[in-house]
Amino acid sequence: MPSLVSHPDEVKVVSRRFGMGAAEIDKYIELDGYKAVQQAIANGPAWIIDTMKASGLRGRGGAGFPTGMKWSFVPKTSEKPKYVLVNGDESEPGTCKDHVIFLHDPHAVIEGTMIAGLAIGSKMGFIYLRGEYRYLLKIVEKAVADAYAKGFLGKNIFGSGVDFDIITQTGAGAYEVGEESALMESLEGKRGVPRIKPPFPAVVGLYGGPTVINNAETIANAPHILLMGGEAYAKLGSERNGGTRLFGISGHVERPGVYELPMGYSLRKAIYEVAGGIKDGKKLKAVVPGGSSCPVLTADEIDVGLDFDQMGKAGTMLGSGGIVVLDESVSIVEFALRVISFYQHESCGWCIPCREGTDWIKKTLTRVYNGGGSKKDVDNVQYLAENMMGRTFCPLGDAAAMPTLGFVKKFRKEFEDYIEGHKAGTPIITVEQLVGAGH
Amino acid sequence: MSTVANTIFSPELAARFDHLVTIYPLRRSALIPMLLYAQDEVGYISEAVVSEIAQRIGILELDVRNVLSYYSMLRTKPAGKYNVQVCTNISCMLRGGYEILDHCKHKLGIGHKGVTPDGVFSLEEVECIGACCWAPAMQVNYDFHDDLTPGKVDVLFQMYRDGQGKDVK
């Protein structure tokens, strides 16, 4: 069971009920549960969307798209049924925030799904959890069953005349399915291969119907926002970055854990104060700030606020909020190889730049790591990564290329020194040997 | 065709599948959960599982195999009774994930995707399992085990060997 952590700088909104037994429906109701959905029914779709827009909430899956705006894109009338889809496929390395939401506050996800459904005029929501989260799926399934038993889900919810159903779904192991269109394919019982866009899900999504798809944390925020008011939520965060978010701080820190901090909070303070600083008094070397697909920051680049815009300006991304901290003992060559090995494993193979790019970067870094690299390998890796960027259906290609570019650009000298230092007696591994050694 | 005459599954699972194919707007949406739940019961996705699931949904066996080969949790060969899945992705790697994997290999005498001769354990190196803040972590079947040390792994293995490990399905 994941342990809960806390720090005085935390501002608890979405984590407010963590550790309070709110997975039980009666406890959830006691803690203001299912009040927001009744407000939503009373005030109507336009009010919900206006409140969400005013909150400045941006997608917590990583892209940071304004949630209220996303909901407003769904056409008012549609011949096909509309759907709400909750993305709990949480697979970005370094990210475990949805894990604690499902564990401690599954009803917030259910209530948020209902609110999104009311906003767009949908009668059915899906909560999709990655296959590895079986024990969490059980918790969510029980929560859904309890909500049905109370009459909160099903026909005529809260006497509104509106029906709303929720179906829970399990994945079966695929990072790629975290991408919204791939998740829809998976939910339709297919390989999780991404769809080309446009059309966007708001127009043609699940089963061809207009679909809102949101990350589980985004959805879990909705009830809190309706209860506290959009402006009040927005004020908790920084400019154009409303509210708070869950940051999972992991790696070489004294107190790893999932902390809820205001948007715009200092990355340096998050590492040195909230998470207790670098483990065993060592020196900081680098930070991967928002899951493994985000370009790395060096130790002297961490005076930056944790919001989508400030991180973008710093040349990286806020991503999924998974902050991975590397101390001075880490070899960037080894770390870069581990990161690309993951993306090579997860590339679905649909788009050639991603399939071949991840494979060749992995092969090249493997020979560098094993001491058979040539100086040109660093250029080759950069060339491969640059040519993957923006050339694939879905962001997996970019997600593999961006961190790779970060490593070879910011730590080029370390790569070169590594190659130089491992040269003696080690012949350069040939392409033929590499092709055989790849898999 | 929601019920199958000579089902290979237990009555409980067969009944669950009868229901599962009816809850979605399209029957095929039940495919991935069915494959996973069938694997939980049978141990792996056998030819017979492919065939019955195809029949239940009303799609070709080829369609089932096409999906089967995509998802990393689905396997076509039996694993051990307890499938040990050690995460070595970045957060776990930084806190000793590879040491845990090596310890498991040594302790069980098997490598990646190996099964012990008595069939009790199998071992897999897996990608991020979403336990980054409690690293290093592993899953045994669906159970998470966090903040691992080699000593803790030894205790866990003994528990499972003694039949005391809880086993979520």
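Here, each number is a calculation from the coordinates, and none is a lab measurement. Everything quoted here is computed from the prediction, not taken from an experiment. Neighbour counts are summed over all protein chains in view; Cβ atoms, including those assigned to glycine, are modelled from backbone coordinates with ideal geometry.
The table for this structure:
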{"item": "Acute angle (nearest 10 degrees) that the helix A:412-421 long axis makes with the longest principal axis of chain A, alpha-carbon atoms", "result": "40 degrees"}
{"item": "Helix-only CD estimate at 222 nm, as mean residue ellipticity for chain B, using -39500 (n - 2.57) per DSSP H run (n ≥ 4)", "result": "-12000 deg cm²/dmol"}
{"item": "Residue exposure sequence - B:V86, B:V64 - by fewest surrounding Cβ within 10 Å", "result": "B:V64, B:V86"}
{"item": "Shape category assigned to the range B:11-70 from the gyration tensor of Cα positions, a/c cut at 1.5", "result": "oblate"}
{"item": "Euclidean distance between Cα centres, the range A:253-317 to the range A:60-89, Å", "result": "29 Å"}
{"item": "Order by protection proxy (mean Cβ within 10 Å, highest first), peptides B:105-118, A:407-420", "result": "A:407-420, B:105-118"}
{"item": "The protein assembly as shown, dipole about Cα centre (Lys/Arg Cβ +1, Asp/Glu Cβ -1), debye to the nearest 20", "result": "680 debye"}
{"item": "Within chain A, helix-based [θ] at 222 nm, where runs of 4 or more DSSP H residues each add -39,500 (n - 2.57), nearest 500", "result": "-12500 deg cm²/dmol"}
{"item": "Filter on A:K235/A:K410; A:K285/B:K107; A:K376/A:K409; A:K27/A:K269; A:K82/A:K235 - keep pairs with C-alpha separation over 25 Å", "result": "A:K235/A:K410; A:K285/B:K107; A:K27/A:K269; A:K82/A:K235"}
{"item": "Rounded Å value of the spacing that divides the Cα centres of the range A:162-235 and the range A:101-135", "result": "9 Å"}
{"item": "GluC sites (Glu not before Pro) within the range A:28-115, DSSP loop, no more than 12 other Cβ atoms inside 10 Å", "result": "A:E79"}
{"item": "Those aspartates and glutamates that a straight Cα-Cα span of less than 17 Å connects to B:K77, excepting residues fewer than 8 apart in one chain", "result": "B:D40, B:E41, B:E47, B:D118, B:E124, B:E125"}
{"item": "Sorted by Cβ neighbour density within 10 Å, fewest at the top, the residues B:Y44, A:Y175, A:Y28", "result": "B:Y44, A:Y28, A:Y175"}
{"item": "Residues with amide H under 5 Å from that of A:A286, placed H, sequence gap 5 or more", "result": "A:L326"}
{"item": "Cα centroid separation, the range B:139-162 to the range B:45-114 (Å)", "result": "18 Å"}
{"item": "Where the Cα pairs of chain A fall when distances are cut into 20 Å bins, in %", "result": "26, 55, 18, 1"}
{"item": "Packing-based exposure ordering (other Cβ within 10 Å, fewest first) of A:W71, B:W134", "result": "A:W71, B:W134"}
{"item": "Alpha-carbon Rg with Dmax, taken over chain B, Å", "result": "17.8, 52"}
{"item": "Rounded if a/c under 1.5, otherwise prolate or oblate - the range A:137-201, Cα gyration tensor axes", "result": "oblate"}
{"item": "Amide proton proximity set for A:L261, modelled H, under 5 Å, gap of 5+", "result": "A:V11, A:R245, A:F247"}
{"item": "Under Karplus coefficients 6.51, -1.76 and 1.60, residue-wise ³J(HN,Hα) of the range A:357-369 in Hz, glycine/proline x", "result": "x, 5, 5, 6, 5, 4, 4, 5, 5, 5, 6, 4, 4"}
{"item": "Hull volume in cubic angstrom per residue (convex hull over the Cα atoms of the range A:244-327)", "result": "68 Å³"}
{"item": "Lysines whose Cα lies under 23 Å from that of A:K76, excluding same-chain neighbours fewer than 8 positions away", "result": "A:K53, A:K123, A:K155, A:K197"}
